[in-house]
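Undergrad: Pasting in a structure now, in structure tokens, and then I'll have a few things to ask.
What follows draws every value from the coordinates through simple rules; no lab data is involved. Just so we're clear, the structure is a prediction, and the values are computed from it rather than from any experiment. In this analysis, Cβ positions are derived from the backbone assuming ideal geometry, glycine residues included, and neighbour counts consider all displayed protein chains.
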Amino acid sequence: MLDDLYTKQVLRAAAMISRTGRLDAPQASASRVSPVCGSKITVDLDMADGVITDYAQDIHACALGQSAASIVANTIVGQSPESVAEAASTVREMLLADGSPPDGDWADFGILMNVKNHKARHGAVLLALEATLDAASQITDTNYDDTATRLTRKA
């Protein structure tokens, strides 16, 4: 069963994580933790003209959380908060309601489809997306998603 979770694609993404550490002077920072597994992330964010221009993350998570954070790090620059919110909603649906993985820029989240059968790992997969939305909300003073549906909590 663990082989279904920790596929070569998942482990490769976790090993190739980028944008780690912290930005020197970010416009916003946000931390989230998965209350079930204890995975934690702090995200630093800069934005201009409605899109994310710089991003860094300090993550302490299992390979699933690291894999998801890697996907976010590889995709995030140039994205709008609305795109991140849509990706978060689609990933949540993928995990909770047997939905399809995101397509387009966020399609790499498809490698985490098998996590849907492991509820205790859902929060780790959503950490980077939910923390990014928190940080973007600080910059724009906009709530980008329904915080009641989040699977992580503020750290």
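Undergrad: Based on DSSP H assignment, which helices of the chain show an axial Cα extent of at least 24 Å together with a mean Kyte-Doolittle hydropathy greater than or equal to -0.5?
TA: Span-like helices in the chain: 122-140.
Undergrad: Please arrange 20, 75, 7 by counting, for each residue, the other beta carbons lying within 10 Å of its beta carbon, fewest first. The partial results should precede the final answer.
TA: Values: 20 13, 75 21, 7 16.
Ordered from fewest to most neighbouring Cβ atoms within 10 Å, 20, 75, 7 come out as 20, 7, 75.
Undergrad: Do the sum for the chain: with -39,500 (n - 2.57) for every DSSP H run of n ≥ 4, divided by all residues, what is the mean residue ellipticity at 222 nm, to the nearest 500 deg cm²/dmol?
TA: -12000 deg cm²/dmol
Undergrad: Also, I was wondering about something else. Given +1 on the Cβ of Lys and Arg, -1 on the Cβ of Asp and Glu, and no further charges, what dipole in debye does segment 2-154 carry about its Cα centre, rounded to the nearest 20? Can you show the working numbers first?
TA: Numbers: 13 positive and 20 negative charges, 154 e Å.
Using Cβ point charges on Lys, Arg, Asp and Glu, segment 2-154 gives about 740 debye.
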